[in-house]
Amino acid sequence: MKIKWALLTILFTIATVLTGCDNPLMVLDPKGPVAATQADVIMISIWTMAFVVLVVMVLYIFMIMKYRASKQRDDYEPPHIEGSKVLEIIWVAIPILIVAFLSVVTVKTTNEVEATPKGYGDQEPLIIYASSSNWKWHFSYPEEDIETVNYLFLPTNRPIEFKLYSFGPISSFWIPQLGGQKYAMSDMVNTLHLAADVPGEYMGRNSNFSGSGFAQQTFNVNVLSAEEYDKWVDEIKATAKPITEEKFNELLKPGHVGQSTYTGTHLEFSPAPEGENAGHDHGSSDKEENDSKDSHEEHSEHSNMNHDH
Amino acid sequence: MDYFDRFAVPHPSPAIYASMVAIGLTMIAVVAGITYFKKWGYLWREWLTTVDHKRIGIMYILAALLMLFRGGVDALMMRAQTAIPDNGLLDGQHYNEVFTTHGVVMILFMAMPFIIGLMNIVTPLQIGARDVAFPRLNAVSFWLFFMGAMLFNISFVVGGSPDAGWTSYFPLASNDFSESVGSNYYAIAIQIAGIGTLLTGINFIVTILKMRAPGMNLMKMPMFTWSILITNFIIVFAFPVLTVALALMTMDRLFGTQFFTMANGGSDMLWANLFWVWGHPEVYIVILPAFGIYSEIISTFARRNLYGYNSMVISMVAISTLSFIVWAHHFYTMGHGAMVNGIFSITTMAIAVPTGVKIFNWLFTLWKGKIVFTVPMLYSLAFIPIFTLGGVTGVMLAMASADYQYHNTMFLVAHFHYVLIPGTVFAVLAGFTYWWPKMFGFMLSEKIGKWSFWFITIGFNVTFFPMFITGLDGQARRMYTYSESTGYGPLNMLSFVGAIGLAIGFALIVYNIYWSTRYASRNISNDPWDARSLEWATHTPIPEYNFAIVPTVDSTEAFWDSKKKGFKLFGGKVEKIHMPNNSGVPFIMSCIFFVWGFAMVFSMWIIAIIATIGIFACMIHRSFEKDHGRYISVEEIEETENKLRGAK
């Protein structure tokens, strides 16, 4: 019974994984260097962990097959065994080695995904402010001086720095095929580094629960070649209306809106919760500098690091 | 009237009105039934005022089972809603309330009380004690938990349930974004229940440290008792953080302070940190006792002593320490930077090492054993591979760079159900079946038990395994719906089918209780499983004083030694036994707490002030009360002992 069940599980697992090969799962189908790094880490961890599971399963099946009461003499009395120093050292030491290996992988790749993607270091990053409000996304392109709602156009082969913050509850900005997510919060600006290698259309969404309209808080991501991207920008500049404070405040009201485009950005009249160098807005602007230095060193370091590029 | 507006449910639906009627009718039926059978006196004398750890334990378990079904119905509703794309069974708001209450109910009002119930029944018996250190405080703990749970449960018919997730992240849970009283219920009901838990923690640390039978030094305690001791240390260190966090939350919501708001210096990150500084150790509060339960059961039914006793203890201590230094892995994506994330990744993955030690020790407990596949053993054996899957996906999640992709997805949901269900739910079901004969004097049907085991185990895997895949395919958690183009439909449907299997399994447990109560043989010995620890050394049913003579202990398995090697457990002669008196005060004080909580939720200050005075009055009453308990005379003990011996 037990072994049948174990086999079923294994078959079931293989079957589902194989379906995955047909039609790759989103996070294992990266279209940019950050997502590619993360997909590699995931695969490394899956294989390492598969080894651990295998060892446990083999021992497990051996134990319950061999030592079941029905297979033994009636008068068999199991012995008293305290334990074994050697065995116990083995199953402490090997997991420590595995964890050490995975730790190295983690620290290395975490630093990687927290910086400008490899091979893109020589380029000036495209900075896009992505802010969430219930239940939509506002994207400001200060360089191009345009703003979009609920959709993104990105050029290929250029590092992109998202500056994330929120006009409401904590949201999480996530484009699975370009890279992992980060929180957008009301009192600080987070930086997310991404880049796209392959033109195409991708799904982006808020993945942190933010109230009743959360499920539909998605946005489309269009990755274009550099020339097409420039063409798109020019087109927007020629056709879109400027964003006004009035219009923006209307957009901020809770609810769902479709996609729209504006010239100018809301950063002019409603700046992100940061000074020029990011940090925290704790309400009184004159204390801001001190606050960010005193209590949030990692963030400051982090944003300084970004500005070195 | 302003008040009546506030009592109204903000998002009423036919299901909620139906529940109101059902709750009303059930209460009328219960009251009428008790009155008809004239059981009020019995109920008051034997249960509501009891300070007996065994009865308190049984009440904990009953309440936990009730909550299991309450949370289970929530779960079924969620899986039904997401079974097909663009389903309209629940609207967004209703779904949010359902998953919020599912999380809170399952963790705080099902898993913990179930564990605390088993611990109440078993721990004093395992250490050869006659009661817990503070019996009346124990009653206070139970009734506070119970009233907290009831207060939380009426939320969906009076005023609306909390809807900000069981983590209640700010600013979403603030008045700005969560206008109904739902989050007030969250803050206050959990606070009341939490005080009860904290008191339990203190009570059991003292019990285990001070009341062990002669000869039972720390390294001779049964593994379950060890796990309970460590768990209670975690409770005592972690729960004060929750108390403070909820107090700040209450002030934010009721009194206009701004600890966690978006403006005026409030910090939403402060909430996340406080919540998880409690919340992560909380995970181990419900998992360590499960490890203890499995250790007892696996060694009993492998007919062998536990392999690597010392390393089992050391690994539990290591896990409990590590549990306090990993909380930030719940929000790697909050922007800590690579350094902090790296450190928390390593501490988190480190937990895998002591956990692995335990897995291998259990496997080697089977080695050279003589395995009997009883229902408790089946749960324990199924736990090993399933929990291993949950554990290894935990290591995957611990890797910060990869976690940016898993965070907030169904992959995470799958992971924590893969640790919590085999970890805690299987354990309490195993423990419940295992200790049932000690509690009630008959055994549950093995046959029905096996049916429910297979439904639960297979149903569980069918429900949660697909979530690993949809998670990697980008399905975020807590989405009440999704479009067909995402392709999440078929696997979500599969989850729903699995959930039905689980539901059948749990229904079979209820049927098993019914069937066995009616038909099971009452003619069982004191030790029907041929077990190894002291709780089986006394009579079934257990007399009020547990042991007529306090046992003497000389090894980790004194009872087994007494059966096999002729070790003498009960030396000495019967003497009069001091026992505490029953008291109605814990129940009455907790009822006042309920009123206080309700008044606080709805900002009814006058009632809240009167209730506060009432609570203090109960405490003052206790301070001046002269109650030194009573003695059970030698004759009475001998009479009871003869009767119990004669019954067998």
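The values are calculated or read from the model by the stated rules, or taken from the named source; none is laboratory data. Since the structure is predicted, the reported quantities are computational estimates derived from the model, not experimental observations. Cβ: placed from backbone, ideal geometry, glycine included. Neighbour counts: every protein chain shown. Protein only, heavy atoms only, side chains kept; ligands, DNA and RNA dropped before computing areas. Shrake-Rupley method; radii C 1.70, N 1.55, O 1.52, S 1.80 Å.
Rundown of residues vs (1) at pLDDT below 95; (2) in contact with a strand residue (DSSP E or B) (Cβ under 8 Å, 6 or more places away or on another chain); (3) surrounded by 23 or more Cβ atoms within 10 Å (Cβ to Cβ), yes/no style:
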{"site": "B:Ile458", "(1), (2), (3)": "no, no, no"}
{"site": "B:Pro466", "(1), (2), (3)": "no, no, yes"}
{"site": "B:Ile469", "(1), (2), (3)": "no, no, no"}
{"site": "B:Gly474", "(1), (2), (3)": "yes, yes, yes"}
{"site": "B:Ser485", "(1), (2), (3)": "yes, no, no"}
{"site": "B:Leu491", "(1), (2), (3)": "no, no, no"}
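Each row is one residue, and each column tells you yes or no for (1) within 30 Å of A:Tyr165 (Cβ to Cβ); (2) open to solvent by 40 Å² or more (accessible area, probe 1.4 Å); (3) assigned to a loop (DSSP other than H, G, I, E, B).
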{"residue": "B:Ser155", "(1), (2), (3)": "no, no, no"}
{"residue": "B:Ser168", "(1), (2), (3)": "yes, no, yes"}
{"residue": "B:Ser174", "(1), (2), (3)": "yes, no, yes"}
{"residue": "B:Phe204", "(1), (2), (3)": "no, no, no"}
{"residue": "B:Leu209", "(1), (2), (3)": "no, yes, no"}
{"residue": "B:Phe224", "(1), (2), (3)": "no, no, no"}
{"residue": "B:Ser227", "(1), (2), (3)": "no, no, no"}
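Among the residues of the stretch B:20-62, how many are under 30 Å from B:Ile127 (Cβ atoms) and of a type in the set (Ser, Thr, Tyr)? Residues that pass the stated criteria total 3. Please give the number of the condition B:Ala164 fails out of (1) surrounded by fewer than 24 Cβ atoms within 10 Å (Cβ to Cβ); (2) of a type in the set (A, V, I, L, M, F, W, C); (3) modelled with pLDDT under 95. Condition (1) is where B:Ala164 drops out.
Of the residues B:Leu48, B:Leu68, B:Leu89, which is open to solvent by 70 Å² or more (accessible area, probe 1.4 Å), touching a residue at least 12 places away in the same chain (Cβ under 8 Å) and not charged (D, E, K, R)? Give the derivation first.
Values: B:Leu48 fails: open to solvent by 70 Å² or more (accessible area, probe 1.4 Å); B:Leu68 fails: open to solvent by 70 Å² or more (accessible area, probe 1.4 Å).
Going through B:Leu48, B:Leu68, B:Leu89 in turn, the sole match is B:Leu89.
Scan the stretch A:137-149 and tell me whether some residue there is of a type in the set (D, E, K, R), at the interface with chain B (Cβ under 8 Å from one of its Cβ atoms) and either open to solvent by 10 Å² or more (accessible area, probe 1.4 Å) or under 22 Å from the mean Cα position of the chain (by Cα) (or both). Before you say what the answer is, go through the steps one by one.
Within the stretch A:137-149, the subset of a type in the set (D, E, K, R) is A:143-145, A:147.
Filter once more, so that each one left must be at the interface with chain B (Cβ under 8 Å from one of its Cβ atoms): none.
Checked against the condition, which is being of a type in the set (D, E, K, R), at the interface with chain B (Cβ under 8 Å from one of its Cβ atoms) and either open to solvent by 10 Å² or more (accessible area, probe 1.4 Å) or under 22 Å from the mean Cα position of the chain (by Cα) (or both), the stretch A:137-149 yields no hits at all.
Out of B:Ile542, B:Ile500, I need the residue that is over 30 Å from B:Gly92 (Cβ atoms) and either touching a strand residue (DSSP E or B) at 6+ places or on another chain (Cβ under 8 Å) or touching a residue at least 12 places away in the same chain (Cβ under 8 Å) (or both). Which one?
Numbers: B:Ile500 fails: over 30 Å from B:Gly92 (Cβ atoms).
Of B:Ile542, B:Ile500, the one residue that is over 30 Å from B:Gly92 (Cβ atoms) and either touching a strand residue (DSSP E or B) at 6+ places or on another chain (Cβ under 8 Å) or touching a residue at least 12 places away in the same chain (Cβ under 8 Å) (or both) is B:Ile542.
B:Tyr17 - would you say it is open to solvent by 60 Å² or more (accessible area, probe 1.4 Å), at pLDDT 90 or above and either at negative phi or polar (S, T, N, Q) (or both)?
Details: open to solvent by 60 Å² or more (accessible area, probe 1.4 Å): yes; at pLDDT 90 or above: no; either at negative phi or polar (S, T, N, Q) (or both): yes.
Criteria not met by B:Tyr17.
If the condition is being assigned to a loop (DSSP other than H, G, I, E, B) and open to solvent by less than 10 Å² (accessible area, probe 1.4 Å), then the stretch B:132-145 contributes only B:Val132. Within the stretch B:459-485, the set of residues being part of a helix (DSSP H, G or I) and at the interface with another protein chain (Cβ under 8 Å from one of its Cβ atoms) comprises B:Asn461, B:Phe465, B:Pro466, B:Ile469, B:Leu472. Checking each residue in the stretch A:150-176 for being within 8 Å of another protein chain (Cβ to nearest Cβ) and surrounded by fewer than 24 Cβ atoms within 10 Å (Cβ to Cβ) picks out only A:Gly168.
When residues of the stretch A:117-133 are filtered for being within 14 Å of another protein chain (Cβ to nearest Cβ), open to solvent by less than 20 Å² (accessible area, probe 1.4 Å) and assigned to a loop (DSSP other than H, G, I, E, B), how many remain?
Initial filter on the stretch A:117-133 (within 14 Å of another protein chain (Cβ to nearest Cβ)): A:117-118, A:130-133.
Subsequent filtering for residues that are open to solvent by less than 20 Å² (accessible area, probe 1.4 Å) retains A:117, A:130-133.
With assigned to a loop (DSSP other than H, G, I, E, B) added as a condition, the list becomes A:117.
Qualifying residue count, the stretch A:117-133: 1.
Would you check if B:Leu306 is buried (at least 21 other Cβ atoms within 10 Å of the Cβ) and part of a loop (DSSP other than H, G, I, E, B)? Break it down into steps so the answer makes sense when it comes.
Working: buried (at least 21 other Cβ atoms within 10 Å of the Cβ): yes; part of a loop (DSSP other than H, G, I, E, B): yes.
It is true that B:Leu306 is buried (at least 21 other Cβ atoms within 10 Å of the Cβ) and part of a loop (DSSP other than H, G, I, E, B).
Only residues that are free of Cβ contacts under 8 Å to residues at least 24 places away in the same chain and β-branched (Val, Ile, Thr) were counted across the stretch B:226-257, and they come to 1.
Filtering B:Val395, B:Val357 for residues that are out of contact with any Phe, Trp or Tyr (no Cβ under 9 Å at 6 or more places or on another chain) and either part of a loop (DSSP other than H, G, I, E, B) or in contact (Cβ under 8 Å) with a residue 40 or more places away in the chain (or both) leaves a single hit, B:Val395.
Going by the structure shown, is B:Pro551 of a type outside the set (D, E, K, R), within 29 Å of the chain's Cα centre (by Cα) and outside any helix (DSSP H, G or I)? Considered against the rule, which asks whether it is of a type outside the set (D, E, K, R), within 29 Å of the chain's Cα centre (by Cα) and outside any helix (DSSP H, G or I), B:Pro551 comes out as no.
Only one residue in B:Gly423, B:Gly441 is away from chain A (no Cβ under 14 Å) and closer than 30 Å to B:Phe547 by Cβ, so which one is that?
Working: B:Gly423 fails: closer than 30 Å to B:Phe547 by Cβ.
Exactly one residue qualifies, and that residue is B:Gly441.
Does B:Arg522 satisfy being in contact (Cβ under 8 Å) with a residue 40 or more places away in the chain and out of contact with any helix residue (DSSP H, G or I) (no Cβ under 7 Å at 6 or more places or on another chain)?
On the way: in contact (Cβ under 8 Å) with a residue 40 or more places away in the chain: yes; out of contact with any helix residue (DSSP H, G or I) (no Cβ under 7 Å at 6 or more places or on another chain): yes.
Criteria met by B:Arg522.
Whether any residue in the stretch A:15-29 is at pLDDT 95 or above, of a type in the set (D, E, K, R) and not in a loop (DSSP other than H, G, I, E, B) is what I want to check. No. Checking each residue in the stretch B:99-126 for being among the small types (Gly, Ala, Ser) and surrounded by fewer than 24 Cβ atoms within 10 Å (Cβ to Cβ) picks out only B:Gly103.
The set of residues in the stretch B:576-603 that are open to solvent by less than 20 Å² (accessible area, probe 1.4 Å) and in a loop (DSSP other than H, G, I, E, B) comprises B:Ser583, B:Gly584, B:Phe602. Listed here are the strands (runs of 3 or more DSSP E) enclosed by the stretch A:167-228 that have at least 2 residues being in contact with a Lys or Arg (Cβ under 8 Å, 6 or more places away or on another chain) and touching a residue at least 12 places away in the same chain (Cβ under 8 Å): A:171-175, A:190-194, A:200-206, A:218-224. Residue pairs whose Cβ atoms lie under 7 Å apart, sitting 6 or more positions apart in sequence or on different chains, and linking a residue in the stretch B:445-456 that is within 15 Å of B:Ile513 (Cβ to Cβ) and in contact (Cβ under 8 Å) with a residue 40 or more places away in the chain to a partner that is open to solvent by 70 Å² or more (accessible area, probe 1.4 Å) and among the hydroxyl-bearing types (Ser, Thr, Tyr), are B:Ile448/B:Tyr511. Against the conditions (1) within 24 Å of B:Met377 (Cβ to Cβ); (2) in contact with a Pro (Cβ under 8 Å, 6 or more places away or on another chain); (3) more than 7 Å from chain B (Cβ to nearest Cβ), A:Ala39 satisfies every one except (1). State all residues of the stretch B:349-388 that are closer than 27 Å to A:Glu77 by Cα, under 22 Å from the mean Cα position of the chain (by Cα) and more than 7 Å from every other protein chain (Cβ to nearest Cβ); if no residue qualifies, say none. Selection gives B:Lys358, B:Val375, B:Pro376, B:Met377, B:Leu378, B:Tyr379, B:Ser380, B:Ala382, B:Phe383.
Can you tell me which residue among B:Ile56, B:Ile16, B:Ile28, B:Ile34 is within 30 Å of B:Phe426 (Cβ to Cβ), in a helix (DSSP H, G or I) and among the aliphatic types (A, V, I, L, M)? Reasoning before the result, please.
Values: B:Ile16 fails: within 30 Å of B:Phe426 (Cβ to Cβ); B:Ile28 fails: within 30 Å of B:Phe426 (Cβ to Cβ); B:Ile34 fails: within 30 Å of B:Phe426 (Cβ to Cβ).
Just one listed residue meets the conditions, B:Ile56.
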